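Coordinate-derived values only; no laboratory data. Computed from a predicted model, the values in this text were never measured in an experiment. So basically every Cβ, Gly included, is an ideal-geometry build from the backbone, and we count neighbours across all protein chains shown.
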Amino acid sequence: MENEIRRHFDEIIEDAKAVLEDIEIEQDYSVKRALLKISGNFGNFKVRITEVVDDDKRKYAYYLINKDFVVIGFDNAPDIKALKIKYGKNYVYHLEERVPHFHGKGKKSTELTKEISFKEFLEKVKLLKEEQQENESEV
Amino acid sequence: MATITIKKGYLEILKTLGSADTIAEDAIRKYLIDKCVERIEKSKRKIKEFERKYDCSYAEFIKTISNGEGLKAVEKISQDWEGDVTEWEYWQKELEEWKMKLEDILMKS
């Protein structure tokens, strides 16, 4: 299993290196699980990612940050904002459940999503940059 | 019992020091204890960083993020706490498992 995880993490690192600057990488491989942390600059923004593969389960948090504020973020942490969308009042019975979701600017919005990969996150980030550039050129 | 292969030269020297099997087993045991301690120390160090950042234990943090007010307070410290909780859980699990492994080795001796 470790080789499979290493290959998976290597792919993420390769994709990150192709897009981010001043990249910092931290990895840890243990018996049952492995951890990957990457941070790097994307233009004026910061990308921070954490991914854990634990007994075949993938836990991730991919964030685009402007100073200390979230621009966009995808993760599958047990976040009550996402749990409330999924379960309504019954969210209290699912507090430890991991739910893939998205956070918008300043975390003012939350939407449920499918599980996303780092590649997909990067695509969203690039798209966001293109939209911003278009808006700036229109102004 | 499993069989392991070691260099003939090492075996010759081991034999001069006593029972090669016992010495090899002691050496492996010592190596495993060192590795367990190393992992436990690393896990503790990483956990401490999160405890300092959020001023609470992992269990308290999980309780805090399970209610709206608590979550707001956490997001004032770090809006992208999700990466932290993912890593924090990782080191908590590592700490527990390596402690158990160490206990297991020490109990068997």
When the helix-only estimate is applied to the protein assembly as shown (DSSP H runs of n ≥ 4, each -39,500 (n - 2.57), divided by the residue count), what is the mean residue ellipticity at 222 nm, nearest 500 deg cm²/dmol? -18500 deg cm²/dmol
Run the simple label-point estimate for residue A:17 and residue A:130 please: 7 Å along Cα→C-beta, distance reported in nm. 2.6
Please report, in Å, the Rg and the Dmax of segment A:77-133, where both are computed over Cα atoms only. 13.5, 44
Kindly express, to the nearest 10 degrees and within the range 0 to 90, the angle between helix B:20-54's C-alpha long axis and the longest C-alpha principal axis of chain B. 10
Would you look at the GNM of chain A, springs on alpha carbons closer than 10 Å, and say which of A:116, A:85, A:12 moves the most? A:85
Entries in B:42/B:101; A:107/B:53; A:84/A:129; A:86/B:93; A:119/B:42; A:32/B:76 that, when Cα-Cα distance is taken, lie over 24 Å: A:84/A:129; A:86/B:93; A:119/B:42; A:32/B:76
Taking a cut-off of 17 Å between Cα atoms, list the lysines near residue A:126, but don't count ones fewer than 8 places away on the same chain. A:17, A:46, A:105
Volume per residue that the Cα convex hull of segment A:24-70 spans, once the total is divided by residue count, Å³: 61
Viscosity 1.306 mPa s, temperature 10 °C: what is the translational diffusion coefficient of segment A:39-101 from Stokes-Einstein with a Kirkwood Rh over Cα pairs, rounded to a whole number of µm²/s? 123
Could you work out the pair-distance distribution P(r) of chain A from its alpha-carbon pairs, with 5 angstrom bin width and percents rounded to whole numbers? 2, 9, 18, 20, 19, 15, 10, 5, 2, 1, 0
Shape descriptors of segment B:1-90 over alpha-carbon atoms, Rg and Dmax in angstrom, are 23.1, 69
Is there a simple number for the mean count of other chain Cβ atoms within 10 Å of the Cβ of residues in A:69-79, and what is it? 4
C-alpha long axis of helix B:81-107 to longest principal axis of chain B, angle in °: 30
Taking the alpha-carbon centroid of each part, what is the distance from segment B:38-66 to segment A:105-139 in angstrom? 31
Could you check the simple spin-label distance between residue A:57 and residue B:6, using points 7 Å along Cα→Cβ, in nm with one decimal? 4.1
Under the 7 Å Cα-to-Cβ spin-label approximation, residue A:81 and residue B:49 lie apart by a distance in nanometres of 2.5
